[in-house]
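Chemist: There's a structure below that I have some questions on.
Every number here is computed from the coordinates shown, using simple stated rules; none is lab data. It should be emphasised that the depicted structure is a prediction, and the values quoted were computed from it without experimental measurement. Because the Cβ atoms are built from the backbone with ideal geometry, glycine has one as well, and the counts that use them run over all protein chains shown.
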Amino acid sequence: MSENILLKAENLSKLYQMGEVTVAAVKNVDIEITKGEFAVILGPSGSGKSTLLNILGGMDQPTEGNVLMNGESIIGFNDKKLTAYRRDKVGFVFQFYNLMGTLTARENVELATEICKDALDIDEVLETVGLGDRKDHFPAQMSGGEQQRVAIARAVAKNADLLLCDEPTGALDFETGIKILGLLRDINKKYNKTVVIITHNVPIGEMADRVIKMRSGEIIEITENSNPIDPERIVW
Amino acid sequence: MKKLDKRLLRTIRQSKGQFISLTIVVIVALIVYVSFSMVADQLYNSIYQYYEETNFAHIFVDVNRVPGNVVDDLLSIDGVEDVQGRVVSDVPLRVEDPNEKVNVRIVSVPSNEDQINSLFVLEGEELHPGTRTTSVLQQFYIGREMNIGDTLTPFIGGTEYSLEVVAEVGSPEYIYLMENEQSLLPDLKGFGVLYVPEEFAQSALGFQGSYNNIVVTIDESQESRIDIIADDIEDRLERFGIRSIVTRDDHLSHSVMIQEVDSLKLMSQSMTIIFLLVASVVISIMLSRIVKKDRIGIGVLKGLGYGNRQILMHYVKYSIAIGLTGSVIGILFSIPISSMLVDLYVQYMNIPLFKSVIDNNYLIYGTLLTTAFCVTAGFFGARSVLKISPADAMRPETPRSGKKMWIESFQGFWSRVTFSWKMVLRNISRTKRRVFFLVLGIALTYAVTMVPVFMSTIWDTLFEMQYSQMQKMDYSIEFTRPLDTGAIPELQKLTRIDYIEPKVELPFELTDGWRKEIVNVIGVQRDTRMYGFRTPSGRQIELPQKGIVLTDILARQLRAEAGDIIEINSVLPGVSDKTIEVKAVVEQYFGKNAYMDIDQMYEILEEKNIATGALALTDWNIAQDLRDVKNISAINTSQDMRDSMEEYTDLIIASMGALTLFGGVLGFAIVYNITIVSISERIMEFSSLRVLGFDKKDIFRLVTRENALMTVFGLILGMPLGYSMCKGIVDSVSTDMYTLPAIIDPYVYFYSAVATVIFVLVAQYATYKKIRNLNFIDALKNRIS
C-alpha cells in the first residue's frame, strides 16, 4: 500500500495570527492520497480545505507537520525546490480559471508546458478537453466553461502526477459544471492522473473514489466509495 | 517566442500610450546625451587640431612699442619655443553707407614660413610681401559678402589705403570673433580682421622695425609652467609698456570655445540625468501598479512552477523594452541631430576642421546608460513580485484602511465641501507617495519650461541692466592717444552732443596677494552722469573721492573685497607703483573693469587734465560727424550691440524652443502616466460609482479636479525650483568675461505656468479618451489577469 501512496500529509497545521487571537485554518490533518485516485475534499466555506490544498500543492507552508510527495518531504524546501515541485509534480485548476487575458487558449497551455520536461502534446490535450477548434481564441472570447477547460488543459498538459482543483465548478452553471467534472474524470482515467477536488458541493462527492470531509480545519470523516457514480448522474 | 514574452508584448500593446510616452522621454534623454556629447568632443578635438595645424600661440602680449630685437630675445626665456612680433591696430573701415560704423583690426603677417597663428586659407592665395593686399577673416568676409579681388579701404592714421582682397582665411585666434571683452556677441558686419603684409602694417601704423603685439608658443613639456613663463616675459617687457598679457586659458576666443564645450557637456549630463530620472520614477510607479494589478496572475505563474526570477524578469523586461526601444530610436535620431548641431556651430563658429563624426562609444554608453536606468527602475518597481506568496495571491486583497484626514477635524469647513471634492481630497490623502511624485513632476516640468522662457528674456534684461542702469552713455569715444581735456568741448562744436564728460581708460595691473589681473581702469568724474554704480545687493553708490571700485567679476578673481589695500601698477613706462584701497565692489554683467574718480586717476598717473576718450549723451548719430576727426580711434554705441544681438535671435529661439518642447514631453509623460496608473488602480471604485449613477463625465471631472489641485501645488513648488534652475544655469555659464543676472521677470513665471498648464491639459485629454473607452461594468466582474 505505502508504495502506492503519492502524497501524504502528517499532522498538518496552519495557524494565522489575527491580532491577539490565533486562528487555526488547518488542524492536525493526516491524509494519504494514492496514485491514480480521484479524491474529493468536502467542506463548507472556511473549513480550511483551500488552505490544505495550497499546502499540498506547495503554494503555502504549514505551521506544523509534514507533506511527503512520493516519500520525499517538501517541507523545508527552499524557494527554488518548491518552484520545481509546483512545476513538475502538480497541476492546479482554480475556481476562477485565472487565465492570462492576453494569451490565446493554446498559448495559455503553452505557458505552462514551456517550463516542463515531459509535457503532453498540447493540441491533443486541447482536443481532449473539447477545445480543438477554439484554441486560438482569447479568454475574453470564451464562456466560463470553455475558460475552465483551458485551465484544466493547462494543468493536465504539464503531465504532472497530481491535479489539484479548487472549486472547479464554483463559477459555472449546473450543466457546464457537470461537463467539467466529466472531463476531470476522463482525464483521471485516460492519463492515469491523481485528481483532488475541493468543493463545498456535497453531491460531487458521489463521483469520487474517496471523500474527505472537513470542518473547522479538521478532517471529520473519510469515506471510501466502492462504487463512484458517473458525473452525469450527479444532481445539485 | 516564449509565451511570457508574448504576454509582455501584448501588455505593451495594451498600454501603448504609457509605453510610447516613456519611450519618448528616454529618446530625448539619449538624443541629448549622444548628440551633445559627440558635438562637445568633436568641437574640442577640432579646436585643438586646428590649433595644432595653425600653431596657435600660448601667450599673447600687447605692448606700446617694442623693437624687433627685444622680441627675438624672448627666445632665451626657458620654455619659450617661438616668438613673433606683430603690429595690431583697430581702425575704421570706409564702407558705402556713411552711417554704418565698421571697425577692422589690422594684423601684420610676417613673410617667414613658420608662423605662429598661421592663417588657414579657405579661398584665394597667401599674402605676398611688399604688396597692398589683405587676407580677410572668414566671418567678416562672409558677413560683408566679399569676393576675391574686392578692394577694402581702411582708414589708418588719417589716411585711406586701398587693399586688394586676395584670400578668405580662418584663424584660431578668432574662432569666436568679438571686438573686445565688452562686446557680448560677435558683430560679423561691424567688426572684422584684415591680415596684411608686415612691412605695410609697420609703415602705415608707424611701427618701422618695431611691434606692439607679441605672440609666443611654449614647449609642450613646459605648458604647466605657463604662468611663470608669462611672468618672465612680463619682466623683460615691462619697460616697453605692457597693455595686457594673456595666456591661452584667458584668451577671448579660446575661453568662449572651451566654455561652449563645457556647457554642451553640462547640458548633455544634466538634461540626460533629469530625463532618465523622471523616466525611471514613472516606470517604477507604473510597474509597481502593473504588478499589483497582476497579483493573481503572478500567483498563477508561481502555481504553474515559474520561479521568482523568471516572473521578476517578465516585468523588468517591460522597462528593458522601453530602454532599448528608446535607445535605438534615440540613436537613429541623434546622428542627424548631431550633424544639425554641427552645422549650426559651423554657421556661428568658424573652425574649418569641424565636421560631424559619429563616435560609437557614445552610442554604446548611451544605450548602456538608458538601459541601466530602465533596468534599475524595473527592478525597483517590480520587486514586490518576490513578496507575493502564491497562496495569498489567490485570495482577494484586503481593502485599504481608510481613516479621517486632519482636514476633516475642521467641521465647519469639511461640512461645506461637496461630496465629489471630499472624494478628491480623500484620494489625495490616501495616495501620498504618488501625489507627491505628480506634484514634483509638474513642478519639474514648470522648472524645465521656465529655463528657456527665462533665457529668452535674459538678453533684454542684460542690456537693460548694462546699458540703461549701469552704463548710461549713448556714445563712448576713444582717442588714439591721451589728449588734453581741453579737446572735449571742441568735440561738442563738431556735432550735436547734449552732454559730454572726459574719461581716462588705461590698463593697470592690479595685485592682491599673489593674484593679479591686468584690466582697464576707468576714471570718470565723481558726479558722473554716465554710470550708475550698484553693489551686488542692489544698493546705489557714488564713486569715492579716494580709492578704487572693482566690478564683481574682477573682485572675485582677485579675491578682493571692500577695505583691502591692493597694488596698482600702470603698464605705462615711467609711472611708479602705488597701493590703493578697494572702496566697494559693484555689479557689472560683462567685462571686468575697475573705476575711480578721475582726479584720483591723475594722482596715480602723476599727470593732470588728460583724457583717453569721452562719454556722450545725445540722440544724434555723432559717428558720422566725427568719423574723419583726427585722434579719434573708435566711436562705440550700445545700439551696435543690440543690432548684433538680432543676428543671434534665430539661434536662441531654436534652442530655447527645443528646450520648451523637452519640458512638454516631460510634463506629458508624468501627468499622463500617473493619471493612467491612478485610473487603473481605482477602476473598481469608478465602476461602483458608475453603478451608483455617475456618468463618465462625472468621473472625468473627479480625475480633473484631482489633477487641477495637483497642478496648482506643482506650480507653487515649481516656482522656487525653476528659480534655482535658472540661477544654477546663470552661475554655470558665467565666465571671466560676463555674468548673467538672475533677475526673473514676473512674466517668466506667468508664461511658464501657461505652458505647463497646456502640457497638463494635453495629458488630461489623453486621460479623458482612456476613461471614455473603459468598460466599467466589465471591470467589476473581471477575473482575467
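Chemist: Placing one identical point scatterer on every Cα of chain B and ignoring solvent, what is log10 I(q)/I(0) from the Debye formula at q = 0.06, 0.11 Å⁻¹?
Modeler: -0.52, -1.19
Chemist: Residues with amide H under 5 Å of B:I106's amide H, sequence separation 5 or more or different chain, H placed in the peptide plane at 1.01 Å from N; which?
Modeler: Residues meeting the criterion, in which the H sits 1.01 Å from N, are B:S89, B:D90, B:V91, B:L194.
Chemist: Another question, if that's okay. 7 Å from Cα along Cα→Cβ at both A:K189 and B:E681: what's the point-to-point distance in nm?
Modeler: 5.3
Chemist: In whole Hz and in residue order, list the ³J(HN,Hα) couplings for region B:657-673 that follow from phi through the Karplus curve 6.51 cos²θ - 1.76 cosθ + 1.60, θ = phi - 60°; x for Gly and Pro.
Modeler: Calculated HN-Hα couplings, in order: x, 4, 4, 4, 4, 4, x, x, 4, 4, x, 4, 4, 5, 5, 4, 5 Hz.
Chemist: Something else about it: Give the separation of the Cα centroids, region B:71-114 to region A:163-229, in Å.
Modeler: The two parts, judged by their Cα centres, are 103 Å apart.
Chemist: Sticking with this one: Figure the gain on full extension for B:K355 and B:E464 (residue separation times 0.36 nm, minus the Cα-Cα span) and round it to one decimal in nm. Don't jump to the answer; show the numbers that get you there.
Modeler: Details: separation 109, 0.36 × 109 = 39.24 nm, distance 3.73 nm.
That pair, B:K355 and B:E464, stretches by 35.5 nm at full extension.
Chemist: Moving to a separate point now. Once both axes come from the Cα atoms, what is the angle between helix B:3-14 and the longest principal axis of chain B, in degrees from 0 to 90, rounded to 10?
Modeler: Orientation of helix B:3-14: about 70 degrees from the principal axis.
Chemist: Still on this structure, I have one more. List, in order, the whole-Hz ³J(HN,Hα) value for each residue of region B:237-254 obtained from phi through the Karplus relation with A = 6.51, B = -1.76, C = 1.60 and θ = phi - 60°; use x for Gly and Pro.
Modeler: Per-residue couplings from phi come out as 9, 3, 6, 9, x, 7, 8, 6, 9, 10, 8, 4, 4, 9, 5, 3, 5, 4 Hz.
Chemist: Right, next: Take the cross-link list A:K80/B:K387; A:K35/A:K190; B:K516/B:K608 and give me the ones stretching past 18 Å between alpha-carbons. Can you show the working numbers first?
Modeler: Values: A:K80/B:K387 14 Å; A:K35/A:K190 14 Å; B:K516/B:K608 27 Å.
Checking Cα-Cα distances, B:K516/B:K608 exceed 18 Å.
Chemist: I've got another one for you. What share of the DSSP beta bridges in the protein assembly as shown is antiparallel, in percent to the nearest 5? Can you show the working numbers first?
Modeler: On the way: 96 of 135 bridges.
Here the share of antiparallel DSSP bridges comes out near 70 percent.
Chemist: Hey, another quick one. Ordered by residue, what ³J(HN,Hα) values in Hz, to whole numbers, does region B:363-369 give under the Karplus form 6.51 cos²θ - 1.76 cosθ + 1.60, where θ = phi - 60° and Gly and Pro are x?
Modeler: 5, 5, 4, x, 5, 4, 4
Chemist: Under the rule that an exposed site lies in a DSSP loop and has at most 11 other Cβ atoms within 10 Å, name the longest stretch of chain B with no GluC sites (Glu not before Pro) of that kind, not counting the sites themselves. Could the numbers behind the result be given before it?
Modeler: Numbers: sites that count: B:E96, B:E113, B:E125, B:E145, B:E397, B:E606.
The reported range is B:146-396.
Chemist: Okay, which of region A:19-34 sit inside 19 Å, backbone N to the point 7 Å along the Cα-Cβ direction of A:I220?
Modeler: Once the point is set 7 Å along Cα→Cβ of A:I220, A:24-31 turn out to lie under 19 Å by backbone N, inside region A:19-34.
Chemist: List the lysines whose Cα sits under 22 Å from the Cα of B:K6, skipping any in the same chain fewer than 8 residues away.
Modeler: In chain and number order, the partners are A:K117, A:K135, A:K158, B:K16, B:K292, B:K293, B:K302, B:K317.
Chemist: Under a cut-off of 18 Å between alpha-carbon atoms, report the aspartates and glutamates in cross-link reach of B:K696, not counting same-chain residues fewer than 8 places apart.
Modeler: B:E681, B:E685, B:E706, B:D778
Chemist: A follow-up question, please. Compute the distance from the alpha-carbon center of region B:459-485 to that of region B:311-383, in whole Å.
Modeler: After rounding, the separation between the Cα centres reads 47 Å.
Chemist: Roughly what would the spin-label model give for B:V629 and A:Q61, points 7 Å off Cα along C-beta, in nm?
Modeler: 9.6
Chemist: Calculate, in nm to one decimal, what B:V346 and B:D227 gain on full extension: separation in residues at 0.36 nm each, minus their alpha carbon distance. Write out the running numbers ahead of the final one.
Modeler: Details: separation 119, 0.36 × 119 = 42.84 nm, distance 3.23 nm.
In short, 39.6 nm is gained.
Chemist: State to the nearest 20 debye the size of the charge dipole of region B:1-55 about its Cα centre, where the only charges are +1 on K and R beta carbons and -1 on D and E beta carbons. Mind showing how you got there, number by number?
Modeler: Numbers: 7 positive and 4 negative charges, 229 e Å.
Roughly 1100 debye for region B:1-55.
Chemist: Sticking with this one: Using only Cα atoms, find the angle between the long axis of helix B:683-692 and the longest principal axis of chain B, and express it within 0 to 90 degrees, rounded to the nearest 10.
Modeler: 60
Chemist: Here's a follow-up. Counting Lys and Arg as +1 and Asp and Glu as -1, what is the net charge of the other residues whose Cβ lies under 12 Å from the Cβ of B:V282?
Modeler: Numbers: positive: B:R289, B:R434; negative: none.
With Lys, Arg at +1 and Asp, Glu at -1, the net is +2.
Chemist: Please give the Cα centre distance for region B:430-451 versus region B:245-281, rounded to the nearest Å.
Modeler: 26
Chemist: Picking from B:G714, A:L172, B:V246, whose Cα lies most toward the positive end of the charge dipole for the protein assembly as shown (charges on Cβ: Lys, Arg +1; Asp, Glu -1)?
Modeler: A:L172
Chemist: Still on this model: With unit charges on the beta carbon (Lys/Arg positive, Asp/Glu negative), name the residue among B:M394, B:Y768, B:I518 whose Cα is farthest towards the positive pole of the charge dipole of chain B.
Modeler: Final value for the positive-end residue is B:M394.
Chemist: For region A:35-56, list residues with backbone N below 16 Å from a point placed 7 Å from the Cα of A:N201 toward its Cβ?
Modeler: The answer is A:39-45.
Chemist: Here's a follow-up. With a ≥ b ≥ c the root eigenvalues of the C-alpha gyration tensor of region B:58-215, is it rounded (a/c under 1.5), prolate (a/b larger than b/c) or oblate?
Modeler: Since a/c reaches 1.5 and a/b is larger than b/c, the shape of region B:58-215 is classed as prolate.
Chemist: Please rank A:S47, B:S15, B:S162, B:S224, fewest neighbouring Cβ atoms within 10 Å first, as an exposure proxy.
Modeler: Details: A:S47 23, B:S15 17, B:S162 11, B:S224 8.
Final ranking by Cβ density, sparse to dense: B:S224, B:S162, B:S15, A:S47.
Chemist: Residue farthest toward the positive end of the dipole of region B:560-647, with Cβ of Lys/Arg at +1 and Asp/Glu at -1: which of B:P573, B:I598, B:A584?
Modeler: B:P573
Chemist: If each DSSP helix of 4+ residues adds -39,500 (n - 2.57) and the sum is divided by the residues in chain B, what number results at 222 nm, nearest 500 deg cm²/dmol? Please list the in-between numbers first.
Modeler: Details: 24 runs with 405 residues, N = 785.
So the helix-based figure for chain B works out to -17500 deg cm²/dmol.
Chemist: Compute the angle between helix B:419-430 and the longest alpha-carbon principal axis of chain B, please, reported from 0 to 90 degrees and rounded to the nearest 10.
Modeler: Taking Cα atoms only, the helix is inclined about 70 degrees.
Chemist: Between B:Q411 and B:K696, what is 0.36 nm times their sequence separation minus the Cα-Cα distance? Round to one decimal in nm. Can you show the working numbers first?
Modeler: Values: separation 285, 0.36 × 285 = 102.60 nm, distance 3.06 nm.
Between B:Q411 and B:K696, full extension yields an extra 99.5 nm.
Chemist: Which three extents, in whole angstrom, do the alpha-carbon atoms of chain A cover along their principal axes, largest first?
Modeler: Per principal axis, max minus min of the Cα coordinates gives 51, 42, 42 Å.
Chemist: Sticking with this one: To the nearest 20 Debye, how big is the dipole of the protein assembly as shown about its Cα centre, given +1 on the beta carbon of each Lys and Arg and -1 on that of each Asp and Glu?
Modeler: Working: 101 positive and 127 negative charges, 1785 e Å.
Rounded to the nearest 20 debye, it is 8580 debye.
Chemist: Related question: Only Lys, Arg, Asp and Glu count, each charged at its Cβ (+1, +1, -1, -1), so figure out the dipole size of region B:12-145 about its Cα centre, rounded to 20 debye. Each step should come with its number before you reach the end.
Modeler: On the way: 9 positive and 19 negative charges, 202 e Å.
The dipole magnitude comes to about 960 debye.
Chemist: Please list, in order, the residues from region B:160-182 whose amide nitrogen is less than 17 Å from a point placed 7 Å along the Cα→Cβ vector of B:E53.
Modeler: Taking a point 7 Å out along Cα→Cβ of B:E53, the residues of region B:160-182 whose backbone N falls under 17 Å are B:168-176.
Chemist: Taking every DSSP beta bridge that has both residues in chain A, what percent is antiparallel when rounded to the nearest 5? Each step should come with its number before you reach the end.
Modeler: Values: 23 of 41 bridges.
Of those bridges, close to 55 percent are antiparallel.
Chemist: Continuing with this model, one more query. Can you list residues whose amide H is under 5 Å from B:I522's amide H, if they're 5+ apart or on another chain and H is modeled 1.01 Å from N?
Modeler: For B:I522, whose amide H was placed from the backbone, the distant partners under 5 Å are B:A594, B:Y595, B:M596.
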